[in-house]
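The next block holds one structure in the form of structure tokens; read it before the comments.
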Ligand SMILES: Cc1cc2nc3c(=O)[nH]c(=O)nc-3n(C[C@H](O)[C@H](O)[C@H](O)COP(=O)(O)O)c2cc1C
Ligand code: SF4
Ligand code: FES
């Protein structure tokens, strides 16, 4: 059901939501606007899918195809369950949800999680037989359970424990020896498994197989000896493992970052949104004693059109809460003195900053550049955009040279649900599994269901390649041609004409220019005029920041850095941006920071760039501030403060407002509420489009370079989370085995990657998924020992694509 | 060793091709691995995972469900003494005692020389011939404790080598579908209509309607 | 002791009864194509191919051939349950025979494999099935060998594969070996196993194999013996078949009688009329109880069936009457216990079987089956208490809440409670662990009582340690 239908059918709901404390999502300019205008009782059209069933003597309405367990729950007859999970297929394993169901042939005990409602069905969840069955099963479930609740992480929030207390038998009659297993065993770097506590509900294993598509954990052995396990020596190294911990109905799966950190009854929680990437997964943030201790995925029901993540999170988003309390946090303002960066007071730091900006602006508004803003809230971005407007600063960009032109946002926008319901998804972008992992899960589910066909254009292959209808591995530099060629194929044309098309568009390769992607997308839209676009820019709130006004007005990040390198920038403001580590062109970033007269860094963590700055203002990070964020769909959802800010850090918006005051500008907003109210929805962009360069000049470097992200890298929130930092693979170059063999190098040996700009040494790895003649390196990988170099050293951001050659390291 | 040999890999491909979906060949391939090495090795499971396109965990998950697959080395002869109802009524316990005594191991154990592994088994579908047992899945019917002792002697002396192959070998005659006779398996997703012979007389011959 | 296939198993050739599926058992080379062709083999197939498929289907429907796998569902009707126009559809042959007491399918596969192959072909032709998988229990090396060899012969002779007997009819029969799991005999588990998965049953609905079976396609699962009847029906017509047996149970049926009888064996009997007394005492069958002992009890239909007493001996081997009397015919397996039998120990062998064979999917079966077994074990070992007897019924009640079927007993003044029972599990493995316990305890409670000691104070273990939760 689209949010629009929802607004029509259940207006009271939608109005309530919009009017409540703002913690429900607002889908840009539709549902709520419509709902708000409805003030009389609306005409409710009869739902053709409605059926009438009787639950415990009451006639209620249910939806055809809905399972009895959920129909009952919606009608206040909660049926206990363990294996049922609304986002996975039903298996009917635990038998806890058995109730008597009569479809005309007399009451029969049936698992309500597997039986769809039918008209006239009579359900009795409280009959003697139902109760007898449920009580019996609870006793059996507890028979082999270790009952170690006092030392169990799940104690206090455990459905098994709750049920045992509420209607379990008082004592166990099971006097035999219980099953014993070594407890707990690590099944990955992040997850422990206690098989004694496991009730074999198949949730984790189903998740791994069905949802994540990686059956790395599985039932082993049979009958009473059945257990969950991994293959020996093949850990559960899934990007989504944390979800299994969350959905485990007992304490069998625990996550190392949370183990023994708190008891559930000490936790406070608030609903928020993950801003690690731009999918905008809904979360609940749990804290105790003013420390964030975990994030849980939040499953907001489809009815509200908010089901972004279906309750799932990726492990990076789930476990990087550790970074909130990391040692690298900045707690007080710093200014550069002869002794290096030195702590100072906010008032002195602000007055220095205002002075620097004031004098730079006096020399012309082009002498100031603002890079960043994607890590903050919409309110942060809006305040900074207004400040830039007031000062006439056009050199601003929320992307850091790793995206695609912001004009992508002017194309008709698709939601994730739209993409999942489309007949065709055209994917021109990165491997979503690595960059926007939960979007990958959603799209994968659509593909698996058989509803949706994927046509992907990728230099490397992706997590969706196996299920793709067409997977076109293109040579960087030739994206637009490849897409055009493919569009002229009659099968492809027929497929595009077969139903709704959603183009999922992002930056496939950081060593290849971004504007080409926009050209390619436009080519698809020209061929499928009804197509809508889901822009998969990656940084947390990049869409919100761009729409709030931090899209380039005169010069994107590349242009700003070039200007800085040329000495044209007097003050370079970095809003949570770290070009020294994050911009694809390391040399340009270095020259820019050296060339800018002054650098002001506003950041939550000490970063490479803040270390090189003249003024460092400590910023509040997610979890420490409230506001809103906007995801790839244009969906605006709240982020909430849960813990006190670290040291004297402040949210970015507050800094902007104070600077405006000091510079004598009235931004028209004076507090967070003003800002939230002023956050624009789907603002359109002035075009500052840099045309894509077309031809790639010939070179004598024979291998085309592909650089893209993997889930774990040296990004600050990952690096500052001890549980995740170790998971980054480190530098390396993947080469087609034949190319590697031609060089006489074996997988694992060091090689020198040489480009026109310079060279770096890193280990080579054979990978036959690559096309011959292309090589791939993961972005932002750091070797802590400093032996292996950073691939960004050979990237020229102004090139159409980048070529390298490999040399044997003697 | 331990991955499937080249010959067995060829056979594996032949077996996989018989099924509309490769994963269906998982159990037959586990048998093949067990025949090759006497038990199913970790390397063989990895190889099978590659061959049928699943994770090794799935191969192990399926394999460990089934009684016959051994994941540790067992004796050359696996003696399964049935202990279910009919055999129990007819003296299965006596057979087990005789075997345990003769072999010097308890049910579940393997003799030091690696010749014999003794298991208590469930119903072997020979209830009218109780009590019965199997050696490497070859039956012995209406057995007495003396029979068990003689059997073990004979096996040890190699007198039954022709009749009873080493553990892991099941049927020695395999199915082979000649290329010119087989219809071939088709992925159900690629099947659009009824089988060719049904369309011969389309309106009447769709028997199942 | 004997390994020779022919020197044992008396019974099937004794007496002068019609023989439909065991007609070739008397020949030493009954499993060869040569013998098969010399004894009317593949005549049924030729006759079927001469008619259109719908007619053949109709013939099977009117023969009322009942499934021999346990449920006794008419084969012709089952074939008709497939949704129209959905292809491909498959035939899966259930040759996983493992139900305690059951012994017939292995004989049919070892001794007359071509008859089974012919039956498969007729079914595929009549029901429009495009591929056949013949799933043979893993532990049956000889059956695998014989069926494999027969298939190789049949392929070479043009009876299986492409353009069978020169017609457009083409179908592959793929021989598949199981690997040891009783529950895989359950048809949805069989399909899971054939897909390369753990053999855990699927819930019906939605997974009625006829609609959603192998690879999610319409699938007919039939037992070996069921299919072995088809060549006779196709060759001789439905009337020839229904002329034997009764209206509700036509034809013949293979029954294995094991345990304490003089001549245990597998007999092809006339369906519906032969009584248990005939079978146990008749001269052409078992010839009485061993050593002329008293009969104590018998299991009429495989290990999952509630037990009968001598009171029920005169019931015919007919599904409805046996059901009303509190048991079922199942897979045609009678296990006989004479007066020397230790009833609790006998029940334990069956409960242990089902506990061991639980797939582990349903909690009541996985936990309850093993728990029942543990309690029985201590009772048999003499360590049980009177409380344990009630506990057996309580735990069993969690698997089968409600009335359990059982036989009538004049001596105990018991009325029969008819089959079936309510269950909390997906398949019958879980309830089957309880059935022997319930039967034994209902019919022979005194034997349990004399085994247990009065209640000892039991260790009380709190169910959930307080953890501050709810
Ligand atoms: C636990 C269980 C085990 C079964 N085992 C077998 C078996 O070994 N062989 C068999 O043919 N049917 C077995 N069945 C019955 C099958 O599920 C199915 O009903 C039968 O194969 C259908 O064939 P039919 O209609 O020809 O009888 C079993 C059923 C259950 C519940
Ligand atoms: S009853 Fe037992 S064997 Fe049957 S599906 Fe359930 S757990 Fe498996
Ligand atoms: S919730 Fe329905 S069987 Fe587990």
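Nothing in this text is a laboratory measurement; each read-out follows from the coordinates by a stated rule. Please read these numbers as outputs of a predicted model, since none were measured by experiment. Because the Cβ atoms are built from the backbone with ideal geometry, glycine has one as well, and the counts that use them run over all protein chains shown.
Spread over its residues, the convex hull of the C-alpha atoms of chain B is 175 Å³ per residue.
Over chain C, dividing the summed -39,500 (n - 2.57) contributions of all DSSP H runs of at least 4 residues by the number of residues returns a 222 nm mean residue ellipticity of -10000 deg cm²/dmol. Estimated purely from DSSP H runs of n ≥ 4, each contributing -39500 (n - 2.57), the mean residue ellipticity at 222 nm for chain A is -7500 deg cm²/dmol once divided by its residues. Here region A:418-461 and region A:586-613 have alpha carbon centers that stand 36 Å from each other. The distance from the alpha carbon centre of region B:63-107 to that of region A:752-786 is 57 Å, rounded to a whole number.
In terms of packing, defined here as the mean over residues of other Cβ atoms within 10 angstrom, the peptides A:270-283, A:50-63 line up highest first as A:270-283, A:50-63. Plugging the Kirkwood radius over Cα pairs into Stokes-Einstein for region C:252-336, at a temperature of 37 °C and a viscosity of 0.692 mPa s, what D comes out in µm²/s? Stokes-Einstein gives a translational diffusion coefficient of 267 µm²/s. Among C:347-354, A:418-425, the peptide with the highest mean count of other Cβ atoms within 10 Å heads the list, and the full ranking is C:347-354, A:418-425. The mean sequence separation of alpha-carbon pairs under 8 Å and at least six residues apart, normalised by the residue count of region B:6-71, gives a relative contact order of 30 percent. Once the Cα atoms of helix C:429-443 and of chain C are each reduced to a long axis, what angle between those two axes, in degrees from 0 to 90 to the nearest 10, is obtained? Tilt of helix C:429-443: around 50 degrees. Ranked by how many other Cβ atoms sit within 10 Å of their own Cβ, fewest first, the residues A:569, B:152 fall in the order B:152, A:569.
Across peptide A:333-346, the mean count of Cβ atoms from other chains lying within 10 Å of each residue's own Cβ comes to 0.
When a/c reaches 1.5 or more, the comparison of a/b and b/c decides; with that in mind, is region A:404-443 rounded, prolate or oblate per its Cα gyration tensor? Oblate. Short-range pairs are left out: with C-alpha atoms under 8 Å and at least six residues apart, the relative contact order of chain A is 12 percent. Kirkwood-type hydrodynamic radius, region C:142-266: 17.7 Å, calculated from all non-identical alpha-carbon pairs.
Per-residue shielding of C:393-401, expressed as the average number of other chain Cβ atoms within 10 Å of the residue Cβ, stands at 5. Working value for region A:703-808: equivalent-ellipsoid semi-axes of 23, 16, 13 Å, each the square root of 5 times a Cα gyration tensor eigenvalue, largest first. Based on alpha-carbon atoms, the Kirkwood radius and the radius of gyration of chain C give Rg/Rh equal to 1.00. Cα gyration tensor of chain A, axes a ≥ b ≥ c as square roots of the eigenvalues: rounded (a/c below 1.5), prolate (a/b > b/c) or oblate? Judged from the Cα gyration tensor, chain A comes out prolate (a/c at least 1.5, a/b above b/c).
Over all pairs of different C-alpha atoms in region B:77-157, the reciprocal of the mean inverse distance, the Kirkwood hydrodynamic radius, equals 12.1 Å. I want to check the label-to-label distance for residue C:294 and residue C:19. Put each point 7 Å from Cα in the C-beta direction and report it in nm to one decimal. Calculated label separation equals 3.8 nm. Per-residue Cβ neighbour counts within 10 Å put A:238, C:331, A:365 in the sequence A:365, A:238, C:331, beginning with the fewest. When B:86, A:609 are sorted by how many other C-beta atoms sit within 10 angstrom of their C-beta, beginning with the fewest, the order is A:609, B:86. Quick one: grab the alpha carbon gyration tensor of region C:343-449, order the square roots of its eigenvalues as a ≥ b ≥ c, and give me rounded if a/c is under 1.5, else prolate or oblate depending on whether a/b is larger than b/c. Cα axes put region C:343-449 in the oblate bin. Derived value for region A:425-499: Kirkwood hydrodynamic radius 12.7 Å. Basis is the mean of 1/r over every pair of different alpha-carbon atoms. What is the distance in Å between the Cα centroid of region C:49-82 and that of region A:338-390? Rounded to whole Å, the Cα centres lie 84 Å apart. Taking Cα atoms only, the orientation of helix C:386-399 departs from the longest principal axis of chain C by about 40 degrees. Once both axes come from the Cα atoms, what is the angle between helix C:53-63 and the longest principal axis of chain C, in degrees from 0 to 90, rounded to 10? Rounded to the nearest ten degrees, it is 40.
Largest first and in whole Å, the equivalent-ellipsoid semi-axes of region B:6-71 read 16, 13, 10, each the square root of five times a Cα gyration tensor eigenvalue. Ordering A:532-539, C:311-318 by mean Cβ neighbour count within 10 Å, with the highest value first, yields A:532-539, C:311-318. Counting only Cα atoms, the size of the protein assembly as shown along its three principal axes is 120, 72, 71 Å, in decreasing order. Take each residue of peptide C:185-193, count the partner chain Cβ atoms within 10 Å of its Cβ, and average: the result is 1. Computing FRET efficiency as 1/(1 + (r/R0)^6) for residue A:661 and residue A:342, where r is the C-beta to C-beta distance and R0 is 25 Å, gives about 0.50. In this simple spin-label approximation, residue C:156 and residue A:256 carry label points 7 Å from Cα along the Cα→Cβ vector, and these lie 6.1 nm apart.
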